[in-house]
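The values are calculated or read from the model by the stated rules, or taken from the named source; none is laboratory data. Bear in mind the structure is a predicted one, so any value in this text is a computation, not a measurement. Because the Cβ atoms are built from the backbone with ideal geometry, glycine has one as well, and the counts that use them run over all protein chains shown. To get the accessible areas, we keep the full protein, side chains included, count just its heavy atoms, and leave off ligands, DNA and RNA. Shrake-Rupley method; radii C 1.70, N 1.55, O 1.52, S 1.80 Å.
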Amino acid sequence: MANRKSLGGVIHTYQKYDPVRFPSPTEPPPDLVSSAFEHMLMFGERRELTEAELARAVRLDPSQIANLGPSIDALRAMLEERKRKILAKYETRKVLKRARKAFANAAADARPPSEHAERFHQAVFTEQLRDLERLWYTAEGDNSPFARQMMHLIERLGDKYQVDELASKYEFTGHETMTVPQALEVKDELEKIDELLRQLEEAAETAQIGIIDLEMLSEFAEPGDVSQLSALQQQVQDYLREMAERQGLEQSGGTFRLTPHAYRVFQGKLLERLFSEIDASRTGRHQGDIVGEGAVELHSTKPFEFGDSVANMDVVGTFTNALLRHGSQQGSELKKTLRLKSEDIEIHKTRNTPKCATCVVMDMSGSMRYDGQYINVKRMALALQGLLRSEYPGDYLSFIEMYSFAKTVEPGKVVNLMPKPVTISNPVVQLGLDMSREDISEQMVPPHFTNIQHSLSLARRLLAAQDTPNRQVVLITDGLPTAHFEQEVLYLLYPPDPRTEAATLREGLLCKREGITINLFLLPSWSQTEEDVRFAYRLAESTTGRVFFTAGTDLDRYVVWDYLSRRREILG
């Protein structure tokens, strides 16, 4: 028991108490899924996402590593002091003279053949390394006297280039002279320090410890600091690997694979971003009530009317009305069986949820690689798929890849689509290929053309099988069609030909005849002309469709918002 004599001293002791935890329990986990999907959208299956690339793409909270391992600020101060001492020690005026003299002496010692003498003297006078290398290739054998002289001369000119760069890049204030080899070593050391300072600065801002080259840092820092930084680097990598598994990224052989769970997480983030960008007054996704034989029962009710289905009867409200009506009766009347009348019955209001069938045609022709347009198209497809999965699971959605042909694409394969490589560079192309012939296959056809006609035909067949009157095509392209089918013959025509446009418009009219609305989203392109815009108008006008002019980066927002608007029109 405490008293006047026992007060003071150590009251109790905290053991194994760490004031800093990594990761911080109050910070949200890093978003690894978005980084992985952005990598897939850009490269598809051409380049796998490695652990190092994922770690470089993720942004952590720098405060989480502020007190872990060696201080990044202390390492930066140490490197900056090392750099300051080097600049204050040397001067570069004399080493510049030495480098010029070494090059001049090597040029004077060279004995070029008479047929190359003029070229040789011109290359020496202009100090052009490329011209000297070309002269070296003209020498008769690598071991000939002239070849050896040229190799020595090229090395001296390379040294002079580097010394010139050292003197112009750094401001030396010292007095100690350097030889040319010493100057090259100093240049290499200063460049390493600059690179490490850049890495440390980026690590301090983004907590990307993995970007620091520890092997390079070990040349300047204390061994203990490097080992602590290495341990912290491993700790961050383990944390990111664990978060990747939780968010649906499966690791196999040093690379990551996207699981269906990762798709759902990324689509949810896309929709959250899209709806946060839309004005608050326009974000309502709940359609107005339609009273009648709907599919979704609402909480609000109305009195029973002739023709209403009792399947939607509000049982509690109905019996409450009956009890209130009988409540005024006295005595034996209350003991009688409670009888319902038509005026007692309350019916739940309902909302119709008609099914909508949509086919998205994604242009993956050669021109879509410019400005990364194909990335915006794939991001839009993932956002639209996520919207239907979460809001309208009964709707039908299919994807078509459009290039010289049209192919259906599974939703899980959309992220891997890439624009087709351009295989013909001729300014005029007039090709007709009979695809019914056994000696002609799709692999033999240049893939980078735009076949809107075949895409609309495929979309029409897919939508015809859907039991709903609400059918539409979302066509995303950046210009005129350059390919079409006539029976079994595929025509590839560039510049765009009137025959291709006529075939495309005919297919559009067939879509209109079957009640399919064509929504054309025209993306900007460096090669886009007034004729591209006019074609979009002609297609929309002839098919009673619509055309949208969108910026590529906002494509996902435009398409998702238009889909929601169309749903409201269908319900209204």
Task: Label zone at Asp467, where the point sits 7 Å out along the Cα-to-Cβ direction: region 391-419 residues whose backbone N lies under 16 Å - done: 394-396
Task: Per residue solvent-accessible surface (Å²) - region 374-484, probe of 1.4 Å - done: 39
Task: Sites Thr259 and Thr553 - FRET efficiency at Förster radius 25 Å, r taken between beta-carbons, to 0.05 - done: 0.35
- [ ] Quote the FRET efficiency, to the nearest 0.05, computed for Glu219 versus Lys169 with a Förster distance R0 of 25 Å and r equal to the Cβ-Cβ distance.
- [x] 0.80
- [ ] Starting from the Cα of Glu201, step 7 Å toward the Cβ, then list every residue of region 157-171 with an amide N under 14 Å from that point.
- [x] none
Task: Distance between modelled label sites at Ser144 and Glu250, nm, 7 Å Cα→Cβ extension - done: 6.2
Task: Normalised per residue, the volume of the convex hull around the Cα set of region 381-533 (Å³) - done: 136
Task: ³J(HN,Hα), Karplus 6.51/-1.76/1.60, whole Hz, each residue of region 495-501, x for Gly, Pro - done: x, x, 10, x, 5, 5, 5
Task: Under-5 Å amide H pairs with Tyr170, H placed in peptide plane, nonlocal only - done: none
Task: Environment charge at Val429 (Cβ cut-off 15 Å; Lys +1, Arg +1, Asp -1, Glu -1) - done: +1
TODO: Grab the Cα-Cα distance for Ala77 and Lys413, subtract it from 0.36 nm times how many residues apart they are, and report the gain in nm with one decimal.
DONE: 116.0 nm
Open item on the list: So if I place +1 on the C-beta of Lys and Arg and -1 on the C-beta of Asp and Glu, and nothing else carries charge, what would the dipole magnitude of region 430-572 be about its Cα centre? I want it in debye, nearest 20.
Closed with: 700
